[in-house]
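Below: one structure, written as structure tokens.
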Amino acid sequence: MENELIQQAVALLGQCPTVVLATLDEAGTPCPVVMAKLHAEGLNVWMATDLSSHKVRHIEANPRAGLCFYAGGDSVTLRGMAEVIDDAESKHTLWQEWMIRHFPEGADDADYVLVKFIARWGIFYLNGRLESCEL
């Protein structure tokens, strides 16, 4: 059942252009923010942000994070780890033209970094059923 549950969650994620990423601030308070999903590998999600953002400082101090997404009455809430990725190859591979509004120098903008969320545990509300599992 877990494999089917995860497959359904991955399909739901495919329908979601945005996700909510929650990092933890210095006091341990969750700081959720809506993010554009650039790419997903299973339930691991890649997003873009500013190197100077609060998210980056939060992740560098404490990589524990949460991520959730919703579509058509179904939802998935994940707990896991986030990491900041600043390598040129990944940044060029995941670059999307709409991001020029945020990073005027394009994929080589010094303030452009990626955040990769790695799922470890999830709560799944899919097809009217609520389940949870370790990933």
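At a glance:
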quantity	calculated
Distance (nanometres) between label positions extended 7 Å along Cα→Cβ at A61 and H102	2.1 nm
Within-14-Å neighbourhood charge of A61 [Cβ basis; K, R +1; D, E -1]	-1
Net charge of neighbours whose Cβ lies under 14 Å from the Cβ of R129, counting Lys and Arg as +1 and Asp and Glu as -1	-4
Spin-label pair S90/V34, simplified geometry with 7 Å Cα→Cβ offset, distance in nm	2.6 nm
In degrees, nearest ten, helix 2-14 long axis to first principal axis of the chain (Cα)	40 degrees
Dimensionless Rg/Rh of region 2-134 - Kirkwood Rh, Rg from C-alpha atoms	0.98
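Taken together, the values in this text are just the output of simple stated rules run on the coordinates, not laboratory data. All values derive from a computational prediction rather than experimental measurement. So basically every Cβ, Gly included, is an ideal-geometry build from the backbone, and we count neighbours across all protein chains shown.
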